[in-house]
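Asker: Please find one structure pasted underneath; my questions will follow.
The values are calculated or read from the model by the stated rules, or taken from the named source; none is laboratory data. What you see is a predicted model; the values in this text were computed from it and never measured. Cβ placement follows ideal geometry from the backbone for every residue including glycine, while neighbour counts extend to all protein chains displayed. We work out accessible area using only protein heavy atoms, side chains counted, and drop any ligands, DNA or RNA first. Shrake-Rupley method; radii C 1.70, N 1.55, O 1.52, S 1.80 Å.
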Amino acid sequence: MTSTADAPRSPGRPRSIRADEAIIEATLDLLAEGSTVEALSIEAIAARAGVGKATIYRRWAGKDALLLDALRRLKGIMAQPAGHSVRDDLVLLVGAIGKNIDPRAAKIMPCLVPAVNRSPDQFQLYQNIIAPRRQLMREVLRRGIDEGLLRPDIDLEVTMALLTGPMLIQRVLQWNPELDEQNLPVQVVDAVLEGIRVR
């Protein structure tokens, strides 16, 4: 599933960046207002954005491609590790999990869970969004192994689940309001490192 928003265009009238923004914003607004992924339609998005359906289809191959771009926008730019300290890089990546500047994310992300569980297409959409972030964490952990800081026998996928799970459950579900979210990334990383570092 790939976005066509950045695909090469044939010569002709320049594409309106304002229309692109309006379409993405309309998609996120409708989701934040309670529209399910399944119920969300190109017609509704076009009406909210004040454009014709053809304008959307000239930019995206279909709803899934548009959703992919909209949710990538919602997630924001991936945190980029500095590469100096494995611990610091993990704290940076863990701290970014479930953290969104856009206030609509708090309403949209939990509502995606049922769609992801019910639909193979939506599951793939979700994987397309998080796979690059997961790969970034995987690379930091591999660097830790290569530098002799982390045990070479650790299961990278399980380790990433251990690092990611607490932040997701806290930020998406607000599992324990007593936890200090500011310090939680450091606490999670240090607890996991305690079990996987070279002795």
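Asker: For the chain, set up a Gaussian network in which alpha carbons nearer than 10 Å are linked by springs, and say which option among Leu179, Leu68, Leu92 fluctuates the most.
Answerer: Ranking Leu179, Leu68, Leu92 by mean-square fluctuation puts Leu179 first.
Asker: Oh, and also: Sum -39500 (n - 2.57) across every DSSP H segment of at least 4 residues in the chain, then divide by the residue count to get the 222 nm mean residue ellipticity, nearest 500.
Answerer: Calculated from helices alone, the mean residue ellipticity at 222 nm is -20500 deg cm²/dmol.
Asker: At R0 = 30 Å, how high is the FRET efficiency between Arg199 and Phe123 if r is their beta carbon distance? Nearest 0.05 is fine. Mind showing how you got there, number by number?
Answerer: On the way: r = 39 Å, r/R0 = 1.30.
Once the sixth-power term is evaluated, E becomes 0.15.
Asker: Another one. Give me the one-decimal nm value for the distance between modelled label points at Arg142 and Ile42, 7 Å along each residue's Cα-to-Cβ direction.
Answerer: Taking the two extended label points, one gets 3.8 nm.
Asker: Pick from Ile154, Ile129, Ile108 the residue whose mean-square fluctuation is largest in a GNM of the chain, springs joining Cα atoms under 10 Å.
Answerer: Ile154
Asker: Starting from the alpha-carbon convex hull of the chain, give the projected area averaged over all orientations, in nm².
Answerer: So the Cα hull casts an average projection of 13.3 nm².
Asker: Could you tell me the calculated FRET efficiency between Glu33 and Ile154, based on Cβ-Cβ distance and R0 = 35 angstrom, to the nearest 0.05?
Answerer: Efficiency computed from Cβ-Cβ geometry: 0.20.
Asker: Heads up, I need the accessible area for Val113: 1.4 angstrom probe, whole protein in place, Å², nearest 10.
Answerer: 80 Å²
Asker: If amide hydrogens are placed 1.01 Å from N in the peptide plane, which non-local residues have theirs closer than 5 Å to the one on Arg197?
Answerer: Amide H neighbours of Arg197: Arg151.
Asker: Additional query: Cross-link partners among lysines for Lys63, C-alpha distance below 21 Å, same-chain residues fewer than 8 apart left out?
Answerer: Partners found: Lys53, Lys75, Lys107.
Asker: Now a separate question. Using 1/(1 + (r/R0)^6) with R0 = 30 angstrom and r between the beta carbons of Glu181 and Ala82, what's the FRET efficiency to the nearest 0.05?
Answerer: So the FRET efficiency works out to roughly 0.85.
Asker: HN-Hα J couplings of region 52-60 from phi, Karplus 6.51/-1.76/1.60, θ = phi - 60°, integer Hz, Gly and Pro as x?
Answerer: x, 4, 4, 4, 5, 5, 6, 9, 10
Asker: Enter the Cα centre distance for the pair region 104-165 and region 37-66, rounded to the nearest angstrom.
Answerer: Rounded to whole Å, the Cα centres lie 29 Å apart.
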